[in-house]
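*Asks:* Structure incoming, see below.
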Amino acid sequence: MFSRNELAGQVAAHLPNSGLTAAQVVARVEQLTDHALTLSETVPVGRPPRGLTPRASDPRYATVEVLQAESRILNLARRGRQRGYGYADPNHLRDTLIATATATASATSAGAGAGTTPGRLDGGQLRAAQHLTAGGDFLSVLTAPAGAGKTSTLGTASRAWQAAGYRVVGLAPSARAAAELADATGDRADTLAKWLHNTDRLDRLPAAERAWTALDDRTILIVDEASMASTLDLDRLTALAGKAAAKVVLVGDPGQIGVINGPGGMLAALAHAGHAIELEQIYRFSNDWERTASLQLRAGNPQILLQYLEQGRLHPCPESDTALEGVFDHWSQARADGQDALMLARTRLDVEALNRLARAAAQAAGDVTGPVTTAGDRDWQAGDLLRTRRNDRTLTFGGAIGSAHVRNGDRYRVLGPGPGPDGGLVVEDLTGRGRLTLPVDYLEQHCEYGWASTIDSAQGATADVGIVLVRPGLDREHLYVAMTRGRHGNHAYITTDPATDPEHDHGHGQGSRHFAGRLPMYHG
């Protein structure tokens, strides 16, 4: 669904404005937006449900194409109930639990995604694994609040399927999420876009790639972070799976950030239609109160913000600079105390400001030194933290295309200039995958400093402490994601100064259902 404001934003983004005055551009956008809403492909669908980010007064629209895709997915899911898809004998799950628990008997839980100890599931996780492997539905949905242990559940279910002779194919909207899914399932995972692209050229693929892409009735398709998957992509995936009698499992949290620049909402729609099992027990947070509070934040209850305030987690600031410095100072102290900390903001301008503060401090401390490599508007030196913003399968650690490659959202430490006069930068992956050289053209177009990140980029990440900059207009989904990254603490530094990044200005006016409007503000 989309509002008129959102449609106008898309029209403006695609409208050439050379030779036009600002007033002429606005008039043209309004004219084209009004015309688009009268097309037969545009269908009014009423007001938004409570808790969504658009203004409550804004009517919502959809296209015929999207509504038809939603109907096809829901119909496939309904017709495929308890039909034996992906069925694994319960003995396979039992043997998997015994084998895993035996192999990890001495291990202790050490982070997000674990229940009590690796290989041991709580009652809710066990019921979910049983439902997935023995329920027999064509399309199963696993929903999980932040920190509820979906990784352990998926890993156990995947090993049970593999023991029963099934092949698990992992997919996700992002390469980072796909890599995490591969770790959980122990099998290959890739982006949903890559898999769909492969299906269009099966006969031209190498044998190994064709074997991984092709579906049959012994295939389990798992899509992680499915709330961020486009409805049109899910329509294609479920149609292909239906023809091959493969099982589909969609995993995610409808309460987190949804699809960016595309139609979404299928995870919530399928859950509402009764196709989901949800994990409820939260393990991520070391403070008991925060487990319960995070669920209230997820549900959109503004009263829970009072508890965050009472617990010292909300920090009103008089203006932007104070809030930015508050985030940075808190992050610096946490790191000095030996904690892994995340600095977060909604817009790239704010992320860039936080990165500049962190880089200046690193230079002053002598952690960023040596020859300067200039690429675009950034200078790079040894010790800099770098974040990539685009997948590139030609930039690999193993040296061969198709091996571990540079992914959108990866973080690296700069080691120094690459070989030759235009050698780019030699960087080291912070997750231990190794070293590679990033060429200058990639640096110029697709790299930024990596101390801070956008909230969107951090969805799925876990740290000891999360610290976020909050401005007016921040919606519930982004606040929920930002305030659930840290195990031991999550803090918000709040300013009344509005965002100035046009990339994230969605035209929300007064009356918007934004949580930032409910946060305590500085009153001097």
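*Asks:* May I ask you to list the residues in segment 410-443 that are out of contact with any strand residue (DSSP E or B) (no Cβ under 7 Å at 6 or more places or on another chain), within 23 Å of Ala177 (Cα to Cα) and not charged (D, E, K, R)?
*Replies:* Of everything in segment 410-443, those that are out of contact with any strand residue (DSSP E or B) (no Cβ under 7 Å at 6 or more places or on another chain), within 23 Å of Ala177 (Cα to Cα) and not charged (D, E, K, R) turn out to be Thr431, Gly432, Gly434.
*Asks:* Could you pull out every one of the strands (runs of 3 or more DSSP E) wholly within segment 291-407 that has 1 or more residues that are in contact (Cβ under 8 Å) with a residue 24 or more places away in the chain and within 25 Å of the chain's Cα centre (by Cα)?
*Replies:* In segment 291-407, the matching strands (runs of 3 or more DSSP E) lie at 314-316, 341-345, 385-388, 392-396.
*Asks:* Suppose the filter is open to solvent by less than 10 Å² (accessible area, probe 1.4 Å), under 22 Å from Asp475 (Cα atoms) and not hydroxyl-bearing (Ser, Thr, Tyr); does Gly264 pass it?
*Replies:* The answer is no for Gly264.
*Asks:* Take the residues in segment 276-286 that are assigned to a loop (DSSP other than H, G, I, E, B) and open to solvent by 50 Å² or more (accessible area, probe 1.4 Å), then tell me which one is nearest to Leu139 (Cα to Cα).
*Replies:* Across segment 276-286, the extreme among qualifying residues is Glu280.
*Asks:* Report, by residue number, each residue of segment 160-209 that is open to solvent by 40 Å² or more (accessible area, probe 1.4 Å) and farther than 21 Å from Thr238 by Cβ.
*Replies:* Residues satisfying the conditions are Gln162, Ala163, Gly165, Arg176, Glu180, Asp183, Gly186, Asp203, Arg204, Pro206, Ala207, Ala208.
*Asks:* Spot the failing condition for Ala246; the list is (1) within 17 Å of Thr191 (Cβ to Cβ); (2) surrounded by 22 or more Cβ atoms within 10 Å (Cβ to Cβ); (3) in contact with a Ser or Thr (Cβ under 8 Å, 6 or more places away or on another chain); (4) not charged (D, E, K, R), and only one is missed.
*Replies:* Condition (1) is where Ala246 drops out.
*Asks:* For segment 461-496, which positions are within 15 Å of the chain's Cα centre (by Cα), of a type outside the set (Lys, Arg), surrounded by 23 or more Cβ atoms within 10 Å (Cβ to Cβ) and farther than 17 Å from Pro316 by Cα?
*Replies:* Listed by number, the residues that qualify are Glu477, His478, Tyr480, Val481, Thr484.
*Asks:* Contact list please: Cβ distance under 9 Å, first residue in segment 17-41 and within 28 Å of Val66 (Cα to Cα), second residue among the basic types (Lys, Arg), pairs at least six apart or on different chains.
*Replies:* Listed pairs, sorted by first residue: Thr33/Arg4; Asp34/Arg4; Leu37/Arg4.
The values are calculated or read from the model by the stated rules, or taken from the named source; none is laboratory data. All figures in this text were calculated on a predicted structure; none of them were measured in a lab. With ideal geometry, Cβ positions are generated from the backbone for all residues, glycine too; neighbour counts draw on all protein chains shown. Protein only, heavy atoms only, side chains kept; ligands, DNA and RNA dropped before computing areas. Shrake-Rupley method; radii C 1.70, N 1.55, O 1.52, S 1.80 Å.
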